[in-house]
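Chemist: A single structure is presented below for examination.
The values are calculated or read from the model by the stated rules, or taken from the named source; none is laboratory data. Treat the numbers as computed from the prediction; the structure is a model and nothing was measured. Ideal geometry is used to build each Cβ from the backbone, glycine not excepted, and the neighbour counts take in all protein chains shown.
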Amino acid sequence: MLTAIYGSPQRSLRKQLWMDLEILSESMNLPWWVIGDFNAYLHDFERKGGSISQNNSACRDFQNCVSNCGLLNLGYSGWPYTWKRGSLFERLDRGLSNMEWQMCFPDVGIKHLSMLKSDHSPLLLQFSHLARPNRRRRPKFENSWNNCMNDFQNSLRIWNSNVFGDINKKKSRILRRQQGITNNISNGYNRFLEDLQGRLWAEYEETLAQEELLWFQKSRCN
């Protein structure tokens, strides 16, 4: 059972979300996974920076809701915050689950990806161990066809490398640099890094367009 969350920025409206989750949990008899933008953080250490005049304490209503629903934090890897505005950083996005879900998927974790053009980090659900599908023995004519397709794919890969370079490596390189910038920006505003981040996103969009062209070429040959 998956419940996708978007919490209102208004504290008064989020109270209804906490009540709805508690009502849902009372009849929940399935493995249950809850993920999304709660617009609230559970612990004081999940917030950094911002004005001292702002309310900088964890949401007690959120804490009570998690406890009453019997939900457990899935944890994360990557940058500790999922939202930023100026010098303020908070972990507003997370995954929670009940014990039944964690028993079914004990090796699952969440990774905080680099922020794209949003002020929130995307969440990636990672399954460490997935069962491989059974492989049947293929007939000779199917093997021959697959060999032809493999030759074509190798040719296409060489063409891709000559024309665009290795797109996956380019994407990984840009995202690594973005993550490094994000980590450094958390130490304070830096105009140079902000401008560099914008240029990197422009390069990333160009790379995605190249990747789309590559997949289009592949699809025409399938």
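Chemist: Of all the residues that make up segment 176-202, how many are more than 20 Å from the chain's Cα centre (by Cα), modelled with pLDDT of 75 or more and surrounded by 13 or more Cβ atoms within 10 Å (Cβ to Cβ)?
Modeler: 2
Chemist: If a residue has to be touching a residue at least 60 places away in the same chain (Cβ under 8 Å) and part of a strand (DSSP E or B) to count, how many in segment 37-50 make the cut?
Modeler: 2
Chemist: Only one of (1) surrounded by fewer than 13 Cβ atoms within 10 Å (Cβ to Cβ); (2) in a strand (DSSP E or B) fails for Pro9. Which number is that?
Modeler: The single condition Pro9 does not satisfy is (2).
Chemist: Counting just the residues of segment 11-47 that are among the aromatic types (Phe, Trp, Tyr) and under 20 Å from Trp83 (Cβ atoms), which one comes out nearest to the chain's Cα centre (by Cα)? Outline the logic, then answer.
Modeler: Kept after step one, since they are among the aromatic types (Phe, Trp, Tyr), are these residues of segment 11-47: 18, 32-33, 38, 41, 45.
From the residues that got through so far, the ones that are under 20 Å from Trp83 (Cβ atoms) too are 18, 38, 41, 45.
Numbers: Trp18: 23, Phe38: 15, Tyr41: 17, Phe45: 21 Å.
Among those that are among the aromatic types (Phe, Trp, Tyr) and under 20 Å from Trp83 (Cβ atoms), it is Phe38.
Chemist: Checking the structure you have, find out if any residue of segment 161-171 is of a type in the set (A, V, I, L, M, F, W, C) and at pLDDT 80 or above. Step through it out loud before you land on a result.
Modeler: Going through segment 161-171, the residues of a type in the set (A, V, I, L, M, F, W, C) turn out to be 163-164, 167.
Adding the requirement that they be at pLDDT 80 or above leaves none.
Looking through segment 161-171, none of the residues is of a type in the set (A, V, I, L, M, F, W, C) and at pLDDT 80 or above.
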